[in-house]
Amino acid sequence: MGLKTKLGFFFTVGLIAAHASATDIAILRNGFTIRHESRAPLGDTTRLFLTPDGSSFVDVRTAEIDRIEPDLTPSAAPAKNDEAIAILPGSSPTPATAPASVPPAAPPAQIRVSVTPANVAEVVGAASDRYRLDPDLVNSVIRAESGFKVHAVSPKGAQGLMQLMPGTASKLGVSNAFDPAANVDGGTRYLRELLEHYNFDLIKALAAYNAGPQRVEQYKGVPPYRETRLYVASIVRDFNRKKLAQQKAAMAARPKAQAQAKPQTQKSQGQRKPERASTPSAAARTTPPTGN
């Protein structure tokens, strides 16, 4: 790349970043929102800078961004993250433009069950369906909170798979935080409530789950705690990894499906009888599309 080309590239990126210097909100197609100071295109992704100095950023596929809106709410600069993180969101949450409130649900019966990975997957799937969240996101939270240890207890007293504090568990109607079904139901419900409260801003919701909503309100974003910054980055990275793996598996399956369908198509074409001269052509038989 020549010197003029390099200068032109950086000048273009500079103009884009300068154009988006005011705090904006990126509204993703799955409903998540990300507040950022500036942004710049990088191939098929867009880099959203979370801090004015550009030291912390999030890479999002451009196709996943529905629109950009100005942030009309005054807020302080987000806390600096220890590392850059990328988000490849799923499609489960309700769009932020019209978030659907989830009515309070009665806590599940406090039944002691034999805990196996299959049981955990079952309760996560049930809670995710109930509160309309991606089960991969819930699993990523459980992994960061307890490492899937049902009887985990933190030094601060948080309990169970999703590490519910006794006060939070009581408000959610969870009487036994060591019951996997009750714990995951309460934790997933709480995560959904936080997402709704922060207009589906995933970063803020995760920060509030870890440090408490009062700290997020105090700092207008991710509080400057190393534990919280690493916690948010860990969940987003794990969630991103799962989505990438699913996409790669889907892409790898396409050629196989096409290869299996091709011989059948060729066989059916070989058995087709030639059309008579009086029969309209395929193009003539096709009804012209209407609308746009």
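The values are calculated or read from the model by the stated rules, or taken from the named source; none is laboratory data. Treat the numbers as computed from the prediction; the structure is a model and nothing was measured. We place every Cβ from the backbone using ideal geometry, glycine too, and count neighbours over all the protein chains shown.
Remarks
- Hey, residue 36 surrounded by fewer than 20 Cβ atoms within 10 Å (Cβ to Cβ), over 15 Å from the mean Cα position of the chain (by Cα), modelled with pLDDT under 85 and not assigned by TED's automatic domain parsing to the domain that holds residue 220 or not: no
- Residue 253 being over 30 Å from residue 154 (Cα atoms) and either touching a Lys or Arg at 6+ places or on another chain (Cβ under 8 Å) or modelled with pLDDT of 75 or more (or both): yes
- First in region 164-180 and outside the structural domain of residue 153 (by TED's automatic domain parsing), second anywhere and among the hydrophobic types (A, V, I, L, M, F, W, C) and assigned to a strand (DSSP E or B), Cβ under 8 Å, 6 or more apart: none
- Condition check for residue 226: at pLDDT 90 or above, under 28 Å from residue 71 (Cβ atoms), of a type in the set (Lys, Arg) and buried (at least 22 other Cβ atoms within 10 Å of the Cβ): no
- Residue 174 meets each of the listed conditions (1) closer than 16 Å to residue 131 by Cβ; (2) at pLDDT below 95 apart from (2).
- If the condition is being modelled with pLDDT of 80 or more and outside any strand (DSSP E or B), then region 1-33 contributes only 23.
- Scope region 162-189; condition more than 24 Å from the chain's Cα centre (by Cα) and on the phi > 0 side of the Ramachandran plot; matching residues: 173
- Test: residue in region 155-166 that is surrounded by 15 or more Cβ atoms within 10 Å (Cβ to Cβ), part of a loop (DSSP other than H, G, I, E, B) and of a type in the set (Gly, Ala, Ser): yes
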